[in-house]
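The values are calculated or read from the model by the stated rules, or taken from the named source; none is laboratory data. Every value quoted in this text rests on a predicted model; they were computed, and no experiment measured them. For neighbour counting, all protein chains shown are included, and Cβ atoms are generated from backbone atoms with ideal geometry for every residue, glycine included. What goes into the accessible areas is simple: the full protein's heavy atoms, side chains included, and nothing from ligands, DNA or RNA. Shrake-Rupley method; radii C 1.70, N 1.55, O 1.52, S 1.80 Å.
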Number of protein chains: 2
Amino acid sequence: MTLATPEAARPYHHGDLSRALVDAARRILETDGPAALSLRAVAREAGVSPAAPYHHFKDKSQLLEAVAHEGWVALDAALMKARQDSDDDRQRMTNLGVAYVSFARDNPALYRVMYDRSRDKDALPDQMKEEGAYCQVRNTIAHAAGSGVSEIDLELATIAAWCAAHGLAEMSGFKQFTQLKALLGGEEAFLKAVFDHLGMFAKLDRG
Amino acid sequence: MTLATPEAARPYHHGDLSRALVDAARRILETDGPAALSLRAVAREAGVSPAAPYHHFKDKSQLLEAVAHEGWVALDAALMKARQDSDDDRQRMTNLGVAYVSFARDNPALYRVMYDRSRDKDALPDQMKEEGAYCQVRNTIAHAAGSGVSEIDLELATIAAWCAAHGLAEMSGFKQFTQLKALLGGEEAFLKAVFDHLGMFAKLDRG
DNA sequence: GATGTTATCTAAGCGTCGTTCAGATGGATC
DNA sequence: GATCCATCTGAACGACGCTTAGATAACATC
């Protein structure tokens, strides 16, 4: 019940405790939310003593860092998938946005850990900018904008889109919007409508 | 050094402890950040025992609720001020956005408490929708859009603008953007450029 | 195969936290 | 002046993050 991997009973030195700890943390996040995520609880869930994690992570925040990293990887995958099934550039951007917010809706605790860590460090993960989700959005915008757009405008448009998606991801579940969602015919229609209004191609539309 | 109000020494039953506690909490937030904001620290700062706050607030989250409320009121005021000094509608929206993000930059800990509380309740404060900052944004958009815009479009545009501002507020301090900021000539130019790209009037521009 | 080294884990403890409860204190009411 | 009630204190509980000292077992060397 407390074992991370369903392997043989007690591998003495456990074999791969760091892995098991991260898994345990994600399990606690999913079932009981971020408030329940204490280091002691993670150790309990993994079946080890409260001090054991300190041989694999400097402190609690470093464990959360590892958890957050897996979150960003998962978000990468989700956006990658959303980017593929569409041909129209504008629609592709909307799909990306919807996929982003959906990821946050489906993994609220994980998403929160990801941004809590980012805010503590005052930075997104480095990989984001080079080969990660952030880069996917920029590439999509670049493709839509063509060759006439400047580097700076490209960067600004990416930031604008990303900020909007993040803001919507944090707020789309708020009670204030339930009525409007129903009026528009559901969650997804609501998200699409907001992204439509956001006009991630605003500058391009204006010329 | 620990007195909330510089009044006479020890008003026995303190006089107005709830007020003093909220003040103490805000003082701790400003100086030491959200991580240092424990109930015991607040009580210490206010010069009372750790149990005293429980006669004025049901628990810690209720004290934070009161702190957050003052934050929203302050944000109201900041947006109200920003809305006034401008005549062009488009520029007025940009001013609102810049004022919003600036508020978050100048009161990072307070802003974090405000949204942490909101996310825990899955709702923005009720007053926001009726007479608060959120309503100010909607009114400004309504004024800009004229009488031809539908209620739904108005609401969607407000949500889009608000989400974008919130996202930018949480991320504008990230290290990834420092280079771009310098290139554009400072923080405010950066914010204006992003809001320009966001095109809060995207739908209107397209017709 | 015995020995020593090193990584891994446990037990116990420190200080802090949120919260509760029994009792002290004192302002207000009659 | 006695009573009442809101307010405050002191002490305690369990849980937390983290440290330290010591046990355990995998591994490398001879």
Of all residues in segment A:129-140, count the ones that are buried (at least 18 other Cβ atoms within 10 Å of the Cβ) and within 8 Å of chain B (Cβ to nearest Cβ). 0
For segment B:105-128, which positions are within 12 Å of chain A (Cβ to nearest Cβ), among the acidic types (Asp, Glu) and part of a helix (DSSP H, G or I)? B:Asp116, B:Asp120, B:Asp126
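Which count do you get for residues in segment B:55-65 that are open to solvent by 30 Å² or more (accessible area, probe 1.4 Å) and within 16 Å of DNA strand D (Cβ to nearest atom)? Break it down into steps so the answer makes sense when it comes.
To start, the set of residues in segment B:55-65 that are open to solvent by 30 Å² or more (accessible area, probe 1.4 Å) comprises B:55-56, B:58-62, B:64-65.
From what's left, within 16 Å of DNA strand D (Cβ to nearest atom): B:55-56, B:58-62.
Count: 7.
Would you be able to tell me the number of residues in segment A:177-194 that are at the interface with chain B (Cβ under 8 Å from one of its Cβ atoms), farther than 13 Å from B:Leu198 by Cα and either open to solvent by less than 30 Å² (accessible area, probe 1.4 Å) or at pLDDT below 95 (or both)?
First pass over segment A:177-194, keeping only residues at the interface with chain B (Cβ under 8 Å from one of its Cβ atoms): A:177, A:180, A:183-184, A:193-194.
Narrowing the set further to residues that are farther than 13 Å from B:Leu198 by Cα leaves A:177, A:180, A:183-184, A:193.
With the extra rule that they be either open to solvent by less than 30 Å² (accessible area, probe 1.4 Å) or at pLDDT below 95 (or both), the set shrinks to A:177, A:180, A:193.
Number of matching residues: 3.
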Can you name the residue in segment B:50-72 that is over 25 Å from B:Pro125 (Cβ atoms) and near DNA strand C (Cβ under 8 Å from one of its atoms) and, of all such residues, is farthest from the other protein chains (Cβ to nearest Cβ)? B:Ala51
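Specify which of the listed residues (A:Ala41, A:Ala4) is open to solvent by less than 40 Å² (accessible area, probe 1.4 Å) and at pLDDT below 95.
Values: A:Ala41 fails: at pLDDT below 95.
The match here is A:Ala4.
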Pairs where the first residue, in segment A:50-64, is aliphatic (A, V, I, L, M) and the second is assigned to a helix (DSSP H, G or I) and more than 6 Å from DNA strand D (Cβ to nearest atom), C-beta under 6 Å, 6+ apart: A:Ala52/A:Ala43; A:Leu64/A:Val113; A:Leu64/A:Arg117
Which ones in segment B:22-38 are part of a helix (DSSP H, G or I), within 16 Å of DNA strand D (Cβ to nearest atom) and surrounded by 14 or more Cβ atoms within 10 Å (Cβ to Cβ)? B:Val22, B:Asp23, B:Ala24, B:Ala25, B:Pro34
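This table checks each residue for (1) of a type in the set (A, V, I, L, M); (2) within 22 Å of A:Leu168 (Cβ to Cβ).
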| residue | (1), (2) |
| --- | --- |
| B:Leu79 | yes, yes |
| B:Gln91 | no, no |
| B:Gly97 | no, yes |
| B:Tyr100 | no, yes |
| B:Arg138 | no, yes |
| B:Ala145 | yes, yes |
| B:Gly148 | no, no |
| B:Ile152 | yes, yes |
Restricting attention to segment A:73-103, which residues are within 14 Å of chain B (Cβ to nearest Cβ) and either within 16 Å of DNA strand D (Cβ to nearest atom) or small (Gly, Ala, Ser) (or both)? A:Gly97
